[in-house]
Amino acid sequence: MKKTNLILALILVLSLTSVAATVEKRVGERINLDDAPATFDANTSFHIAHGWDYPTIMGTATLNGGAPGRHVFTLEVDGEEQHFSFLEQTVTQKIEFYGYLWRYYLTMWVFNFPDGLDAGAHTFTGKWWFECDDWYGAEACEKPNDMVVVHEQTVTVNFVSP
């Protein structure tokens, strides 16, 4: 019994170690919805990454939401919603303001397309969502905690055979 428990514990440790060692990476070039190319090589890996930059006070709950659940980016390709590959969160700056140390976080939703897309025109629609009360104020919202689209960007890229 002890030998079985030891083996199971070893398998668990090894599997957790391999998961912890996995590093999420962007694939190929970035297609930026704010400055998308007119054409891109078909069947060539690429990624789309967009998101939010927001402040928090270090050591406290976040200010104005300040968390991916309250600030969201979604992507549709040819009208079909995509699931993001992973989230990237980096500290973009640290400043002291009114006796508090603030961190500004950049959270990016990364959508990897390792196999690219088939030849032809493809439409990408990015939507930036925010909690209604944080964006407009609670009095302006029927349901203050509902997420609302505060910016939308649609581009069409023609994927061509290289």
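What follows is calculated from the coordinates using simple rules that are stated; it is not laboratory data. This one's a predicted model, so the numbers in the text were calculated from it and none came from an experiment.
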How large is Rg/Rh for region 28-160, to two decimals, with Cα atoms and a Kirkwood Rh?
1.05
From the Cα gyration tensor of region 94-162, with a ≥ b ≥ c the square roots of its eigenvalues, which class applies: rounded if a/c is under 1.5, or else prolate if a/b is larger than b/c, or else oblate?
oblate
